[in-house]
Amino acid sequence: MTIAKTLSQLPQSIRFGREICGQLDQAERREWWLTNGRGAYASGTVAGTLTRRYHGLLIAPLSPPLGRFLVFAKADATLLDGDRTWPLFTNRWSDGTLSPRGDRHLESFRLDGRLPVWQFAIGNRRLEQRLWMDQGTDQVHLAWRLLSGGGERPLRLQVDLLVNARDHHGVTDGDRIQPDCRVAGDRLRVVHADWFALEIQAHGGGIRADPVWIENFDLPVERERGLEDRDNHLRAGVALLDLPLGEWVGLSAEINRGTDIPPVDERDTALPFHRDGWGRIRPPRSHDRQQTRDRQLLEQARTAHPAFADAPDWIRQLILAADAFLFARPLAEVPDGESAIAGYPWFGDWGRDTMIALPGLALATGRPASARRILLTFARFVDAGMLPNCFPGAGETPAYNSVDAALWYLDAWRAYVEATEDTASLTAAFPVLESIVDAYCAGTRHGIRMDPTDGLIQAGEPGIQLTWMDAKVDDWVVTPRIGKPVEINALWYNALIVMRDFAARLGRDPSRYAELAERVAAGFQRYLRADGEGLLDLLDGPAGADASVRPNQILAVSLHASPLARADQARVVDGCGQILLTSYGLRSLAPGEPEYRGRYRGGIRERDGAYHQGTVWCWLLGHYALAEYRVTGDANLARSRLTPLSDHLRDAGLGSLSEIFDGDPPHQPRGAPLQAWSVACTLDAWRRIGD
């Protein structure tokens with residue numbers, strides 16, 4: 001089989017049998033997630049239970065770009081054979097009961113590329129269930145097919161349709177929706193006056209309205225996070241579908257916005273299931289389009305970078321995972337604007353995260369046009385030399401509380417120009433990039449300015465968190481790092497080298513940037529520890545230097561330009577490797593430090609107190625691998641640092657990478673189950689190692 005043919009096939013490595021599906025705790029900790037490129041998503045557990053407030057079949061941006069609401073919670077299916085019934089769904093209730101136990105019939109689960117596929121087994125009956133979203137539209141589809149076991153009587157499927165209309169960050173308690181639920185032909189319309197309508201169409205059967213509130217769903221993951229753990233959903237109606245042997249039946253749900261609900265049309269994406277050339281019933285054409293698109297994404301990455309030609313299946317799975325984070329963010333000035341969601345389910349698009357992730361999400365995957373659109377979208381928000389940390393929603397004010405986002409923005413431009421040779425776009429953007437360096441030299445918000453004595457950037461003021469170690473609870477800034485953080489000045493040196501090279505490329509005088517870089521390189525030597533064990537984490541803070549062993553120093557080696565001599569780079573890598581390195585990332589603080597926290601758990605205060613005090617961060621593993629490759633030249637060794645993540649793809653957010661892990665073994669996954677920079681930095685490192 002040729003490489004090209006192999007790559008045309010979708011990854012199939014995420015698969016479980018009854019060894020996982022038959023253990024509820026194992027099936028519930030594994031979650032599937034789908035996205036549509038507009039900020040909408042669908043999510044749930046392998047077991048079919050709701051364990052988070054964010055689980056549902058359609059969570060969509062009713063207030064674009066990221067005002068997301070849960071609108072379609074569940075489709076609870078029951079197999080009917082005359083008077084006999086078998087539930088194919090499971091629910092948790094707030095009194096601690098589990099009922100029904102449809103998970104006991106779940107024989108297997110797999111990802112077909114990205115699409116979740118369940119197979120249920122009841123005696124000789126085998127039933128397959130699929131779910132997918134349409135790219136670019138707020139629409140979700142479910143399909144079922146009887147694979148074996150049809151008897152003399154036709155089997156049927158009853159599906160209870162549970163809906164809602166709440167912010168995805170909340171739960172439904174007192175104030176409940178009262179939509180108008182009505183049937184038009186084969187569609188159930190759940191109409192929220194003067195807002196939107198959810199339309200659910202049945203393929204292969206009928207549908208009826210039957211609005212009843214189903215109360216007291218239990219959300220154990222929210223309870224673990226110290227948040228409200230009870231929810232309610234409205235059963236808006238019931239679908240009854242025939243199950244001919246070997247043929248597909250199903251449901252499609254979509255959102256219509258506005259007060260006037262349009263009449264039923266026969267758009268291609270909503271066509272009933274169709275027959276192929278052999279007379280077999282097939283799912284809607286959108287199913288095939290989604291899988292064709294995923295094949296194209298794999299081929300696109302392979303064409304852009306030969307490193308992916310013989311990549312293992314887990315790397316190919318991450319190429320597909322990267323697509324989940326890119327989404328449309330149109331602006332008046334940039335109608336085709338684009339951005340990146342930092343993580344699912346609770347993050348939006350953040351300046352720092354987007355720029356760190358851009359090379360891996362867009363350039364490693366062969367999507368330079370997306371990279372350009374993201375860079376131009378964010379250019380509109382550069383102010384006083386700073387990039388917003390929290391990207392604004394409609395009518396909102398940007399939050400400029402990041403000292404490093406603008407420096408990562410400069411590095412993202414470097415990666416883009418390196419990949420594309422797009423001098424025209426660089427020429428247009430250069431004044432914005434110049435303004436960043438000018439502002440950092442002269443001084444800007446929150447005490448950010450260059451110290452003329454050593455050329456280093458100092459930043460910070462009480463009550464403000466400016467670095468990526470930005471946890472804050474009420475007035476408590478957990479790791480304030482006021483002074484001269486090591487990674488900020490590694491980024492500063494890198495930015496000056498980037499600007500030197502950009503100026504030369506554009507025929508401008510690069511001497512200013514070159515001279516500044518030399519001064520910063522000299523000043524950066526102040527970070528070298530007297531004991532030779534790497535770098536200090538902070539200089540010139542309120543209490544002087546901070547010698548805490550943290551992973552921020554690794555960026556002084558992994559970035560494009562390093563201010564360190566080779567021997568000092570090697571000492572940094574060795575120190576981080578011995579103390580901070582784990583299978584899934586680098587600890588944010590060394591064990592043995594007084595503030596070290598080995599478990600990330602509890603309520604908001606407990607979790608945020610541990611967030612950067614020992615918790616393992618996955619995005620740093622890619623930087624460690626690149627740094628190790630820089631000092632050793634051993635590509636096999638560097639890539640071997642990444643391979644434990646292949647096992648993690650079968651845990652937590654399936655097919656993707658989590659945000660964080662416990663600092664103590666066995667390093668349980670925590671935080672967001674899908675995190676952009678975790679995926680992006682892994683892909684970018686894999687691509688660059690060996691180049």
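Quick note: the coordinates plus some simple rules give every number you see, no bench work behind them. Values in this document were obtained by computation on a predicted structure and should not be read as measured data. Note: ideal-geometry Cβ built from the backbone for every residue, glycine included; neighbour counts use all protein chains shown.
Details
- Taking other C-beta atoms within 10 Å as the exposure proxy, LYS472, LYS484 rank LYS472, LYS484 from fewest upward.
- The H on the amide N of GLU107, modeled in the peptide plane, is under 5 Å from the matching H of GLN119, PHE120, ALA121, each at least 5 residues off or on a different chain.
- Here the Karplus curve 6.51 cos²θ - 1.76 cosθ + 1.60, taken at θ = phi - 60°, turns the phi angles of the range 581-598 into couplings of 6, 10, 4, 10, x, 9, 5, 7, 7, 6, x, x, 5, x, 8, 5, 10, x Hz, with x standing for Gly and Pro.
- Using the Cβ of GLY614 as centre and a radius below 11 Å, the other residues enclosed give a net charge of 0, where K and R count +1 and D and E count -1.
- Over the chain, dividing the summed -39,500 (n - 2.57) contributions of all DSSP H runs of at least 4 residues by the number of residues returns a 222 nm mean residue ellipticity of -9000 deg cm²/dmol.
- When only Cα pairs below 8 angstrom with a gap of at least 6 residues are kept, the range 576-691 shows a relative contact order of 27 percent.
- Extension gain (nm, one decimal) between GLN296 and ASP336, 0.36 nm per residue minus Cα-Cα: 12.3 nm
- Ranked HIS192, HIS623, criterion: other C-beta atoms within 10 Å, fewest first: HIS192, HIS623
- Computed from backbone phi, the HN-Hα couplings of the range 530-540 come to 4, 7, x, 9, x, 10, 5, 7, 8, 10, 6 Hz, rounded to whole numbers (Karplus: 6.51 cos²θ - 1.76 cosθ + 1.60, θ = phi - 60°; Gly and Pro given as x).
- Placing a label point 7 Å from the Cα of LEU245 along the Cα-to-Cβ line, the residues of the range 148-173 whose backbone N sits under 13 Å from it are 148-155.
- Here the residues VAL46, VAL163, VAL631, VAL679, ranked from fewest to most Cβ neighbours within 10 Å of their Cβ, fall in the order VAL631, VAL46, VAL163, VAL679.
- Near-label residues of the range 151-176 by backbone N, under 18 Å of a point 7 Å along Cα→Cβ of ALA209: 160-165
- Rel. contact order, % - alpha carbon contacts under 8 angstrom, at least six apart, the chain: 11 percent
- Three-way shape label, the range 548-691, alpha-carbon gyration tensor, a/c 1.5: oblate
- Whole-number percent relative contact order across the range 375-568, with pairs defined as alpha carbons under 8 Å at least 6 apart: 17 percent
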